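Here is the structure we will look at.
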Amino acid sequence: MRTTRDRIRHAISFEIIGLAIFTPLASFVFGIPVEHIGVVGIVSATLATGWNYLYNLGFDHLMQKYRGGTQKTMALRVAHAVLFELGLLIVLLPFIAWYLGVSLMQALVMDISFALFYLVYAFFFNLAYDRIFPLPEWQKEAKA
């Protein structure tokens, strides 16, 4: 399994790169000033960073327990990303509505849009991260 240091590197790099892409894109799409989207992005990233660490730790422990390892199939990668975003969606909805002064329905549309962006982003980020920082156990499994 990944070390605490590796998990921290993963969570922080995920959020920094995501914010750099998300903030200007969301500002453009929703016509909201970049500074307002930036605040939503920073608060969301802060909450998501904690959720990311806890979620991935729990997911890996469950994989280790039920599958005997942490290497993900493509189907598990999709499930991993979807479940992560669903949990985050529930937490962020009230904050987005309050901070941007929009209805819950408008916040839901925005939150779903954000989640869809991060769903795709998370899939490709994690795929790239696992290739850049593979675990030694994966290299042994590939040779066997």
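Rounded to the nearest 20 debye, the dipole magnitude of the chain is 600 debye, with +1 charges on Lys and Arg beta carbons, -1 on Asp and Glu beta carbons, and the Cα centre as origin. Shape analysis of the stretch 25-71 places it in the prolate category; the axes a ≥ b ≥ c from the Cα gyration tensor give an a/c of at least 1.5, with a/b above b/c.
Rolling a 1.4 Å probe over the protein heavy atoms of the chain, with every protein chain left in place, gives an accessible area that is 73 percent carbon and sulfur. Count Lys and Arg as plus one, Asp and Glu as minus one, and take only other residues whose Cβ is under 14 Å from that of Phe123; the net charge is then +1.
Simple rule: put +1 on each Lys or Arg Cβ and -1 on each Asp or Glu Cβ in the chain, find the dipole, and look at Gly41, Phe28, Phe84; the Cα lying farthest toward the positive end is Phe84. In percent, rounded to a whole number, the relative contact order of the chain is 26, using alpha-carbon pairs under 8 Å and six or more apart.
Positive contributions from Lys and Arg (+1) and negative ones from Asp and Glu (-1), summed over other residues with Cβ under 12 Å from the Cβ of Ile12, come out at +1. As a calculated quantity, the FRET efficiency between His61 and Tyr99 at R0 = 25 Å, using C-beta atoms, amounts to about 0.15. Once you list every other residue whose beta carbon is under 12 Å from the beta carbon of Val91, what net charge do they have if Lys and Arg are +1 and Asp and Glu are -1? Cβ neighbours under 12 Å give a net charge of -2.
The values are calculated or read from the model by the stated rules, or taken from the named source; none is laboratory data. These numbers come from a predicted model, not from an experiment. Every residue, glycine among them, receives a Cβ derived from its backbone with ideal geometry; neighbour counts consider all protein chains shown. Protein only, heavy atoms only, side chains kept; ligands, DNA and RNA dropped before computing areas. Shrake-Rupley method; radii C 1.70, N 1.55, O 1.52, S 1.80 Å.
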